[in-house]
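*Asks:* Below is a structure I'd like to ask you about.
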Amino acid sequence: MARTRLERFRASVGIAALALQQIRDDLTAADIDGPELAAILRELIEDTDPPGGFLASVAQLLTTAAQRAERIEPDRDGDASCPLHEAAALITDNAGQLLIWAARALDPQGEPV
């Protein structure tokens, strides 16, 4: 029996939630220090695989949803797509820069982003 798109989406989100829980668990380790936390933060934004890091991937997901919303919005007024585009921009513009600043504060001598 073929699974529906929504069922596949729910399964994927569940897998991502488990991965994020593992990251949260690692962040609560008693022995984590500034340089290690800075390195972890850099992993979220560095150009690795996928290009642009984790945050860029989340922003791209929201942009893709916005593009789809643009095509199916009944009034084509942007009520659905504009907030999605704005959310993607906030992630890439604001969140990325804030992570860079936090990483530099924790480990000023660490790798530049």
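The values are calculated or read from the model by the stated rules, or taken from the named source; none is laboratory data. Keep in mind it's a predicted model, so treat the numbers as computed, not measured. Methodologically, a virtual Cβ is constructed for each residue, glycine included, from the backbone with ideal geometry; neighbour enumeration extends over all protein chains shown. The accessibility values were calculated without ligands, DNA or RNA, using every heavy atom of the protein model including side chains. Shrake-Rupley method; radii C 1.70, N 1.55, O 1.52, S 1.80 Å.
*Asks:* Taking the stretch 56-84 on its own, how many of its residues are under 24 Å from Arg42 (Cα atoms), of a type outside the set (A, V, I, L, M) and modelled with pLDDT of 90 or more?
*Replies:* 2
*Asks:* Picking from Leu84, Leu37, which residue would you name as being of a type outside the set (D, E, K, R) and in contact (Cβ under 8 Å) with a residue 24 or more places away in the chain?
*Replies:* It is Leu37.
*Asks:* Considering only residues of the stretch 101-113 that are open to solvent by less than 80 Å² (accessible area, probe 1.4 Å) and among the hydrophobic types (A, V, I, L, M, F, W, C), which is nearest to Ile45 (Cα to Cα)?
*Replies:* Val113
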